[in-house]
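The values are calculated or read from the model by the stated rules, or taken from the named source; none is laboratory data. Since this is a predicted model, take the numbers as computed values, not measurements. Here the Cβ positions follow ideal geometry from the backbone for every residue, glycine too, while neighbour counts run over all protein chains shown.
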Amino acid sequence: MTAGAQRATLVPDPDSGDGTVPVVAVLAGSEIYGFPLSAVREILMPPPLTEVPRSAEHFLGVIAVRGEIITLVDLPTLLKLEVLDRQPLGRVILVDVGDELIGVAVDRVVQVSQLQPDQIEYASAMSADLSEYVIGVARIPSESSSAVDQMVILIDPGALLGGLT
Amino acid sequence: MSDPRDNVQQEFLAEAQELVEALSRDLLLLDEAHQRAERPDSSLINEIFRSVHTLKGIAGMFGYKHVGTIAHALEDLLDDLRLGRTDIGGPLLDVLFDSVERFQRLLALDDPQAPEEAAGVDAYVVAVRSIGAQPPAEEGDPLNQYAIGSAVLSVLTEYEEHRLRACIREGMQLYRLRATFDLTAIDDSIEALRDVVHDDAEIITYLPSLEGGNDESIELVVLLASRVPETELKAHFEGQYGTVEAIEEQKHPPTVPPTLTSIPPGSQSLLPEPEDETAQASLRSLANSVRVDIRKLDDLMNVVGELSLVRSAVGRAVAGLDGDPKYRQSLRELDRLGRGFERQLFELRTRILDVRMVPLGQVFSKFARIVRQAAREHDKQVRLVITGANTEMDKLIVEELADPLMHLVRNAIDHGIESVETRMRLAKPAEGTLALNAYHKGRNVVIEVEDDGGGMNAQKLREKAVSRGLLTAEDSQDLTRQGMLDLVFLPGLSTNAEVTDLSGRGVGMDVVKTNILRMGGVVSIASEHGIGTKITVTLPITLAIIRALIIKVGARLFALPISAVREAIPFAPRDVHTIQGRKVITMRGETLPICDLAPLFGLRAADQQASRFVIVCEMGNQELGFVVDQLVGQEDVIIKSLGPTLSSVCGFAGAADLGNQKLALVLDAPALFSEYFDGGEALPSVEAHA
């Protein structure tokens with residue numbers, strides 16, 4: 001486990017020089033969530049899963065990654081998203097939450113986005129009542145020019161995944 | 001982790017810890033000798049002096065100022081003691097024992113220079129100084145009455161001189177031993193001689209004689225003091241080492257008294273100073289052993305685990321070739337090589353595990369001090385008897401055991417052993433006995449904490465549990481005596497009402513039990529009112545690798561540590577009866593409670609018609625049968641923890657890699673036992689996992 005995981009989550013890419021923040025955008029249900037790249041250790045194809053009886057519903061089970069046992073959390077279930085027509089596990093991202101690596105199951109990884117500071121709207125500045133693990137939202141211009149911008153919900157992994165039971 | 005400064009710091013702390021532990025052990029020996037009113041062994045005092053001296057040295061190097069200051073003050077005190085300038089006694093021992101605690105506390109500080117500690121350290125140093133240098137009554141110098149010769153006397157160090165006087169005062173006879181030593185092996189030979197004489201005599205000093213010896217050898221004159229009669233000493237040494245000659249007491253003292261306190265500069269090199277010995281001893285120990293961070297051993301173990309996985313993958317690949325006559329010869333060879341490889345792997349793993357083993361004495365010796373201190377505080381007399389201190393266990397377990405065991409030990413002194421007056425009234429020996437026993441039993445280590453105190457009052461425990469609302473009065477009627485005793489493990493039974501400075505520090509027996517369960521062990525209790533209490537802790541020898549029975553429940557694989565398994569028998573549904581809603585079967589005429597794992601884990605059991613099994617497990621004095629769907633086989637597995645997030649899920653000790661990234665959850669037998677037996681009538685029903 002990597003010491004000194006970033007709990008303060010929006011760290012600009014030190015190489016960029018212009019304050020851009022790299023974010024891993026993932027699809028869960030019909031929403032796109034962004035995890036700061038600084039907290040994401042790895043993106044995996046889902047390894048064989050071992051379910052853990054008697055654990056809460058959002059825990060899918062445990063997986064073995066290079067000899068380490070990693071708890072796998074289902075992002076849509078954890079976020080209580082309504083998911084119609086659930087696909088089999090898409091991707092697993094390994095997220096560092098400080099004292100543990102947690103596997104987060106998502107439907108698909110959309111892209112790694114470089115967010116400009118002016119693209120980010122912080123939750124504290126919004127009037128909407130959002131969960132404490134939401135840092136804010138960012139708008140990414142859609143690839144096809146005709147469609148509307150994509151909305152990425154930026155997640156604080158420590159607040160979302162730290163101390164889960 | 002890779003910060004070199006950090007590593008050096010760890011090295012220092014590890015070495016300092018070891019020194020303090022050695023100091024603590026030696027002080028206890030010193031205390032024991034003092035209690036028996038025996039003359040303290042001079043080599044023991046030297047040992048203590050060396051520990052403190054070394055500690056002072058390294059503390060200075062690493063900026064542990066307070067540790068250094070205390071060590072320095074103690075060094076002076078110990079110097080006074082070994083030079084006979086002060087006498088051993090209660091206050092001196094108290095100050096010395098106090099130092100152990102102080103060292104440990106100071107070493108645990110984040111800031112080794114912490115200014116707020118300065119006042120306490122200074123006060124302690126003043127206390128140390130006030131004890132030192134109270135010279136014993138001076139008598140006529142006995143040295144003058146012996147024909148030792150001024151040439152010898154003039155080169156004695158102050159310490160050697162003191163020992164010489166002390167020996168004479170104690171009525172020991174002085175001897176001169178002449179022996180020839182091989183120059184190349186002189187250090188070893190003298191060391192060997194020291195070992196030989198240790199029981200019979202004390203070596204005061206040795207000097208090269210002017211006669212004898214040649215290019216390869218040297219003749220030494222060894223000045224010995226001994227209680228053993230001359231003839232016996234001669235029989236022992238002559239021939240083997242050299243000649244022995246008694247130094248007679250003279251009626252008339254020599255006319256020229258030798259100068260005793262000054263050492264001529266030139267002669268010093270001939271005489272090894274105690275300091276030099278320290279340097280040599282520590283250099284030797286450095287050469288023979290290395291300190292290793294236990295995490296490095298874990299890493300090694302992981303590599304071994306990966307190797308086994310590779311090995312089974314190769315095995316499977318080879319099996320795929322089976323049936324092709326073309327390969328028959330090569331397959332046989334591969335099979336043979338594979339088995340050889342497996343043997344070596346097993347050997348490698350055993351050796352790594354062996355490195356992790358440390359004797360339980362490491363933790364027991366800490367208790368000796370606690371017992372002494374606790375007994376003094378409570379004005380009780382307690383004798384600590386330790387057996388099986390050499391019993392080895394995994395380092396991690398030994399570390400983890402320290403706190404639970406300490407609690408048990410304190411409990412025994414605080415609540416168990418009675419005051420001297422009470423014991424006298426009951427016609428018990430005034431001195432209570434606290435026994436710490438350790439021994440191997442199969443794949444487990446058993447540790448017993450046994451006292452001959454007042455024992456536990458089972459009825460009182462029951463009343464208390466009822467009055468605290470932990471148990472209904474009706475339920476309490478059904479309890480057996482053992483059941484009442486077991487109530488002591490309930491959280492909330494020992495509460496603030498009886499907090500003492502010894503055992504009531506916010507941890508109760510429930511915490512002890514939880515900690516031991518967490519390590520995969522069990523605690524059981526036996527107590528006779530008025531006779532004593534025995535707490536038995538049973539633990540696996542090692543945590544890292546276990547032999548496990550792989551079982552199937554529903555469609556899932558689980559591993560059950562074999563140390564808990566007694567036997568597996570076919571399950572016949574028609575043999576099942578219920579007693580108060582609990583399922584039991586009869587096995588060899590005895591009733592065995594059973595627990596079906598499929599509903600417990602919310603899994604659908606395999607076809608009810610299929611042959612299922614009951615795995616009979618044993619923990620302490622309880623038995624329970626787990627009903628499973630299939631026995632898959634036995635395997636050595638490495639248990640890995642589930643991580644903090646899932647640690648609150650009850651019933652699993654971790655997960656084990658079965659190869660191919662396939663995991664099996666490892667059942668936590670102790671936790672399942674306590675859930676079954678302490679968890680009320682029925683196990684909580686579990687919703688099937690989606």
Unmet criterion (only one of (1) without any contact (Cβ under 8 Å) to a residue 40 or more places away in the chain; (2) part of a helix (DSSP H, G or I)) for B:Glu38
(2)
Count - residues of the stretch B:160-188 that are modelled with pLDDT of 75 or more and hydroxyl-bearing (Ser, Thr, Tyr)
2
Whichever residue in the stretch B:520-539 is more than 25 Å from B:Leu426 (Cβ to Cβ) and crowded, with 21+ Cβ neighbours inside 10 Å and, among such residues, is modelled with the lowest pLDDT
B:Gly520
Determine if the stretch B:625-633 includes at least one residue that is at the interface with another protein chain (Cβ under 10 Å from one of its Cβ atoms), in contact (Cβ under 8 Å) with a residue 60 or more places away in the chain, buried (at least 18 other Cβ atoms within 10 Å of the Cβ) and not in a strand (DSSP E or B).
no
Filter the stretch B:431-474 down to the residues that are of a type in the set (Val, Ile, Thr) and assigned to a loop (DSSP other than H, G, I, E, B) and list them by number.
B:Thr472
Considering residues that are surrounded by fewer than 21 Cβ atoms within 10 Å (Cβ to Cβ) and under 28 Å from B:Pro115 (Cα atoms), the number found within the stretch B:76-93 is 3
Just a yes or no: is a residue in the stretch B:637-656 modelled with pLDDT of 90 or more, at the interface with chain A (Cβ under 9 Å from one of its Cβ atoms), closer than 28 Å to A:Leu72 by Cα and assigned to a loop (DSSP other than H, G, I, E, B)?
no
Of the residues in the stretch A:113-165, how many are within 30 Å of B:Leu642 (Cβ to Cβ), at pLDDT 80 or above and among the β-branched types (Val, Ile, Thr)?
4
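Here is a yes/no grid of residues against (1) outside any strand (DSSP E or B); (2) more than 14 Å from chain B (Cβ to nearest Cβ):
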site: A:Ala25; (1), (2): no, yes
site: A:Pro46; (1), (2): yes, no
site: A:Pro53; (1), (2): yes, no
site: A:Val62; (1), (2): no, no
site: A:Ile69; (1), (2): no, no
site: A:Gly98; (1), (2): yes, no
site: A:Gln111; (1), (2): no, yes
With the requirement that a residue be over 25 Å from the mean Cα position of the chain (by Cα) and part of a helix (DSSP H, G or I), what does the stretch B:57-70 give you?
B:Gly57, B:Gly60, B:Met61, B:Lys65, B:His66, B:Gly68, B:Thr69, B:Ile70
Taking the condition of being modelled with pLDDT of 75 or more, touching a helix residue (DSSP H, G or I) at 6+ places or on another chain (Cβ under 6 Å) and closer than 18 Å to B:Ala166 by Cα, how many residues in the stretch B:227-254 meet it?
1
Within the stretch B:412-421, is even one residue under 25 Å from B:Leu297 (Cβ atoms) and in contact (Cβ under 8 Å) with a residue 40 or more places away in the chain?
no
Conditions (1) in a strand (DSSP E or B); (2) more than 30 Å from B:Leu348 (Cβ to Cβ): number failed by B:Arg574:
(1)
Output for the stretch B:367-387, where each listed residue is of a type outside the set (Phe, Trp, Tyr) and crowded, with 19+ Cβ neighbours inside 10 Å
B:Ala368, B:Arg369, B:Val371, B:Arg372, B:Ala374, B:Ala375, B:Lys380, B:Val382, B:Leu384
Can you name every residue in the stretch B:410-445 that is of a type in the set (Ser, Thr, Tyr) and more than 23 Å from the chain's Cα centre (by Cα)?
B:Ser419, B:Thr422
Out of (1) out of contact with any Leu (no Cβ under 6 Å at 6 or more places or on another chain); (2) farther than 19 Å from B:Phe558 by Cα; (3) facing chain B (nearest Cβ under 10 Å), the one A:Ala39 does not meet is (3)
Quick check: is even one residue across the stretch B:337-353 under 21 Å from B:Val290 (Cα atoms) and loosely packed, with under 15 Cβ neighbours inside 10 Å?
yes
Condition set of a type in the set (A, V, I, L, M) and at pLDDT below 85, scope the stretch B:376-401, selection farthest from B:Glu431 (Cα to Cα): answer is B:Leu396
Has the stretch B:589-600 got any residue that is more than 14 Å from chain A (Cβ to nearest Cβ), out of contact with any strand residue (DSSP E or B) (no Cβ under 6 Å at 6 or more places or on another chain) and exposed (fewer than 14 other Cβ atoms within 10 Å of the Cβ)?
yes
